[in-house]
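I have placed the structure first, in the form of structure tokens, so that the comments after it can refer back to it.
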Amino acid sequence: MKKIIALLMTLVMLFCFAACGDADTNSKSSDTDKPAAKSDLEYIQDKGKLVVGMTVYEPMNYKDDKGEWTGFDTEFAQAVAKKLDLDVEFVVIDWDNKWPTLNSKKIDVVWNGMTLSEEAKTNASCSNPYVLNAQVVVMKKDKIEEYKTADSMKKLNFAVEAGSAGKDIADENGFKFTEYTAQSDAMSAVKTNKADACIIDITMANAMTGEGTSFSDLGVGISLTEEEYAIACRKNSDFTAKLNDIMAELKADGTLTALAEKYSVTLAD
């Protein structure tokens, strides 16, 4: 009888071991069969569309007389998308919330004359620099000669774009300032005497001031800093490397040089 019981217990134990082995094998098989997560480049290519986050910022992104998006960054993005056989969708974003918008995949890139700053490098994967820029003071033309240094401007009321390099420079210099949604709004504040001056990108200042513009009574004063523009992709995105490769191709074939001449911007080396 004892022999029979011992034999039965042995069989039960063997069955349990076999079952556990099958379960472990099935688990490993299941893990192996799981499809690998798509890379960011694959995600964008599968959609067939590159979603570009930007603001209205002449000469980088703005609408022409027909209501179509144009500008240096607009045509640059379209040239990159063409290389990848992708459509392009331009989405106006709140610049102060660009990083959450990018990371939530509401957009695929921030591409709008974005300063290559430490903040950008911390929050995103940034492309190689492609355009040189500077933060400049814009004010009424008849006031420019009175203000030749940052110290001489300490009592002025500035207008800046929220979340911009101009806002950072105003902070660094201890200026009094009010934040606006866009750089164009900051310029309008100066034009309507809501502010004494604004701090904006020199690319926009050159394009939007002077005879024949909406801000013909404003002029460009001193430069407060020099910087470079880059394109922001999601953190650790493999799309960044692809973007850099295509950027190099567009430099080599003269596409970016032609766009720089068309929109009066200076390419980075």
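The values are calculated or read from the model by the stated rules, or taken from the named source; none is laboratory data. From a predicted model like this one, the values you see are computed outputs, not experimental measurements. Backbone-built Cβ (ideal geometry, glycine too); neighbour counts: all protein chains shown. Side chains included, ligands, DNA and RNA excluded: accessible areas come from the protein's heavy atoms. Shrake-Rupley method; radii C 1.70, N 1.55, O 1.52, S 1.80 Å.
Being farther than 19 Å from LEU267 by Cβ, touching a residue at least 40 places away in the same chain (Cβ under 8 Å), of a type outside the set (A, V, I, L, M, F, W, C) and not in a strand (DSSP E or B) is the filter here, so list the residues in region 120-150 that pass it.
Those that are farther than 19 Å from LEU267 by Cβ, touching a residue at least 40 places away in the same chain (Cβ under 8 Å), of a type outside the set (A, V, I, L, M, F, W, C) and not in a strand (DSSP E or B): ASN123, LYS141, LYS143, TYR147, LYS148, THR149.
Would you say ASP245 is under 20 Å from PHE76 (Cα atoms), open to solvent by 60 Å² or more (accessible area, probe 1.4 Å) and either touching a Gly at 6+ places or on another chain (Cβ under 9 Å) or free of Cβ contacts under 8 Å to residues at least 40 places away in the same chain (or both)?
Against the criterion (under 20 Å from PHE76 (Cα atoms), open to solvent by 60 Å² or more (accessible area, probe 1.4 Å) and either touching a Gly at 6+ places or on another chain (Cβ under 9 Å) or free of Cβ contacts under 8 Å to residues at least 40 places away in the same chain (or both)), ASP245 qualifies.
Taking the criterion of being in a loop (DSSP other than H, G, I, E, B), open to solvent by less than 60 Å² (accessible area, probe 1.4 Å) and touching a Ser or Thr at 6+ places or on another chain (Cβ under 7 Å), would at least one residue in region 181-198 satisfy it?
Yes, because at least one residue in region 181-198 is in a loop (DSSP other than H, G, I, E, B), open to solvent by less than 60 Å² (accessible area, probe 1.4 Å) and touching a Ser or Thr at 6+ places or on another chain (Cβ under 7 Å).
Quick check, is THR122 more than 14 Å from the chain's Cα centre (by Cα), more than 19 Å from ALA77 (Cβ to Cβ), of a type in the set (Ser, Thr, Tyr) and open to solvent by 10 Å² or more (accessible area, probe 1.4 Å)?
no
Where residues in region 215-241 are out of contact with any Pro (no Cβ under 7 Å at 6 or more places or on another chain), small (Gly, Ala, Ser) and in contact (Cβ under 8 Å) with a residue 12 or more places away in the chain, which of them is most open to solvent (accessible area, probe 1.4 Å)?
So the residue we want is SER223.
Would you mind stating whether VAL110 is within 22 Å of GLU172 (Cβ to Cβ), of a type outside the set (S, T, N, Q), open to solvent by less than 40 Å² (accessible area, probe 1.4 Å) and in a strand (DSSP E or B)?
no
For residues in region 125-161 being under 16 Å from GLY53 (Cα atoms) and of a type in the set (Ser, Thr, Tyr), which is surrounded by the most Cβ atoms within 10 Å (Cβ to Cβ)?
The extreme case among them is SER127.
Among (1) more than 30 Å from the chain's Cα centre (by Cα); (2) free of Cβ contacts under 8 Å to residues at least 60 places away in the same chain; (3) in a helix (DSSP H, G or I), which single condition is ALA170 missing?
(1)
In region 199-214, what count of residues is obtained for those that are surrounded by fewer than 23 Cβ atoms within 10 Å (Cβ to Cβ) and either part of a strand (DSSP E or B) or touching a strand residue (DSSP E or B) at 6+ places or on another chain (Cβ under 6 Å) (or both)?
Final tally of qualifying residues: 3.
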